[in-house]
1. Whole-Hz Karplus ³J(HN,Hα) for region 180-192, in order, using 6.51 cos²θ - 1.76 cosθ + 1.60 and θ = phi - 60°, x for Gly and Pro?
2. Decide, for region 58-119, between rounded, prolate and oblate: order the square roots of the alpha carbon gyration tensor eigenvalues as a ≥ b ≥ c, take rounded if a/c falls under 1.5, and otherwise choose prolate if a/b is larger than b/c, else oblate.
3. Among the aspartates and glutamates, select those whose C-alpha is under 17 Å from the C-alpha of Lys232, and discard any that sit fewer than 8 residues away in the same chain.
4. Treating the angle as unsigned and between 0 and 90°, give the value, to the nearest 10°, between the Cα long axis of helix 52-84 and the longest Cα principal axis of the chain.
5. Among Lys2/Lys157; Lys157/Lys267; Lys2/Lys267, which pairs are too far apart, with a Cα-Cα distance over 28 Å?
6. Set Lys and Arg Cβ to +1 and Asp and Glu Cβ to -1, take the dipole of region 119-203 about its Cα centre, and tell me which of His162, Phe198, Val152 lies farthest positive.
7. Helix 107-124 sits at what angle to the longest principal axis of the chain, using alpha carbons and giving 0 to 90 degrees rounded to 10?
8. At what distance in angstrom do the alpha carbon centres of region 14-84 and region 117-191 lie from each other?
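Here, each number is a calculation from the coordinates, and none is a lab measurement. Keep in mind that what you see is a predicted model, and the values were worked out from it rather than measured. All Cβ positions, glycine included, derive from the backbone under ideal geometry; neighbour counts span all protein chains shown.
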Amino acid sequence: MKILSRIYLILIFAFLYAPIAVMLLISFNAGESTTQFIGFSLRWYRELFRDSATLDALRNTVILSISAAIISTVIGTMAAVGIDRMRTRWLRRSVMIVTNIPMMNPDIVTGISLMLLFVFAGRLLRLSQYLGFTTLLIAHITFNLPYVILSVLPKLKQMSKHIPEAAQDLGCTPIQSFFRVELPCIAPGIITGFIMAFTLSFDDFVISNFTSGASFETLTIHIYSMIKKSVKPDIYALSTMIFATVLILLFLYNFMEARSERAERMKANAEIKLERQVSRLMRRRRTKSEAQR
């Protein structure tokens, strides 16, 4: 059974990471062929920095992803706090059902419905251009919100409800209590929600294709437009650089998480040792006082 489980695990990892390994190899190919490796070269990395259209699409994607992630993280955190403080059970369930609709809805349905909404609103406002960066940003915020809310809500449930009450008893206002006490407790959930929002926004194609218009082009739309002719090998180099960046950020995030967990564990052990020392001192004082009596 152990041998079969190992073989199964190897096959799963090979199925998941073999395409990425091929992409990494082809990005360093000296020729334009995707089936024959002629020789090692950085040719396509140099070509990438000369391709202004691809770099503009990458810049647009990064600006859009960061903006959508920041706004959806702020709104999603506020929404999660509001949902957590709802006392009526049926109202909370109703809000959660409405919140999960953009996440459960197919992307093509969400993209078409948002496009129709933006075109309708643009005609009412008599705009010359209906779709652009603003509509694309609103669309990305819409499908990012459920993921941020679902990342922050578990941290709010794990947090003790007596902590903000204790802070207010010590003189903090509700706003000061939230920023000084509650926000550090739910910070891991907020960071997770931000990362998920950024990744989903960076990766999206279907909704972006329907709501971007002709004036604003993201990287996914740019690559899709290249498929009609032929994909340039410098896209493999760009994909390799994005993969390496994400991998490094993932390692750094896991390292910081492990370091914080280790620090919390050491702090807890130090508190336990201190409590034991205090209890020993108290026992010695009791024995001395009893002996003096």
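1. Each residue of region 180-192 in turn: 8, 10, 6, 4, x, 6, 9, 4, x, x, 5, 5, 4 Hz.
2. Numbers: a/c = 3.12, a/b = 1.47, b/c = 2.13.
Oblate, because a/c is 1.5 or more while a/b does not exceed b/c.
3. Glu32, Glu47, Asp51, Asp56
4. It works out to around 30 degrees.
5. Working: Lys2/Lys157 39 Å; Lys157/Lys267 23 Å; Lys2/Lys267 39 Å.
From Lys2/Lys157; Lys157/Lys267; Lys2/Lys267, over 28 Å: Lys2/Lys157; Lys2/Lys267.
6. Highest projection toward the positive end goes to Phe198.
7. Compared with the principal axis, the helix lies near 80 degrees.
8. Result: 27 Å between the Cα centres.
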